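Notes to accompany the following structure.
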Amino acid sequence: MQTTLKIATVLSWFNMIVWGFIAGIFALGALFNRNFPLLIAAFLMGVTVLHSYAAMQLHKSLRNPQLPLSTQTPIGIRFIGFIAMFFGILFLGDGLTALLKIKLVLDSMKGQIPPEYKNVDMAAYVKAAGVFLVVSGTCIAVNVILNFRLLGWYMFSKIDAGK
């Protein structure tokens, strides 16, 4: 359990920092441009941050059993965790598709690239985005799975301690 807790803590911090930064950029962009759909995207990107924060509360309670976990936190870990898992699998699939079908992605982007970027190697950007999405999606999905296991251990220990 200690190894799982350490890995889950590292992944939770990684997800909280990376996706907190991305959600913050989206939120600032939405506020400056008065773009409501971008604000919804910022909220959806924040799901990973919320799950990571709840998981940190669980980790704190696992390390120090005298600190009780809030009654809402296990529900939040499960509910927000399923949404975060959905995004993790989605990002993983998008990243793999971008890496495996670079020409198709570049062809679909042709009309969207501004003229001043016509001489830029867009394949490198697609590869970088694909690698980021694969790594990030894997980190999100593995983190959710590990935190579900840790939550199960926590709940079992509380039931076992009550007997």
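Within region 39-80, work out how many residues are more than 17 Å from residue 11 (Cβ to Cβ), out of contact with any Phe, Trp or Tyr (no Cβ under 6 Å at 6 or more places or on another chain) and of a type in the set (A, V, I, L, M). Residues that pass the stated criteria total 6. The residue of region 7-22 that is surrounded by the most Cβ atoms within 10 Å (Cβ to Cβ), among those that are within 11 Å of residue 56 (Cα to Cα) and not hydroxyl-bearing (Ser, Thr, Tyr), is 8. The condition (being touching a residue at least 40 places away in the same chain (Cβ under 8 Å), of a type outside the set (Val, Ile, Thr) and farther than 11 Å from residue 140 by Cβ) is satisfied by just one residue among 28, 50, 58, 38: 58.
Of all residues in region 135-163, those that are farther than 19 Å from residue 81 by Cβ and surrounded by 15 or more Cβ atoms within 10 Å (Cβ to Cβ) total 1. Pick from 82, 91, 86: which is in contact with a Gly (Cβ under 8 Å, 6 or more places away or on another chain), of a type in the set (Phe, Trp, Tyr) and at pLDDT 90 or above? Of the residues listed, the single one that is in contact with a Gly (Cβ under 8 Å, 6 or more places away or on another chain), of a type in the set (Phe, Trp, Tyr) and at pLDDT 90 or above is 91. Selection of region 105-134 for residues being surrounded by 12 or more Cβ atoms within 10 Å (Cβ to Cβ), without any contact (Cβ under 8 Å) to a residue 40 or more places away in the chain and in a helix (DSSP H, G or I) yields 105, 106, 109, 122, 123, 125, 126, 127, 129, 130, 131, 132. Checking 32, 43, 79, 87 one by one, the residue that is within 27 Å of residue 7 (Cβ to Cβ), surrounded by fewer than 17 Cβ atoms within 10 Å (Cβ to Cβ) and of a type in the set (Phe, Trp, Tyr) is 79 and no other.
The values are calculated or read from the model by the stated rules, or taken from the named source; none is laboratory data. All values reported here derive from a predicted model rather than from experimental measurement. Glycine gets a Cβ as well: all are built from the backbone with ideal geometry, and neighbour counts include every protein chain shown.
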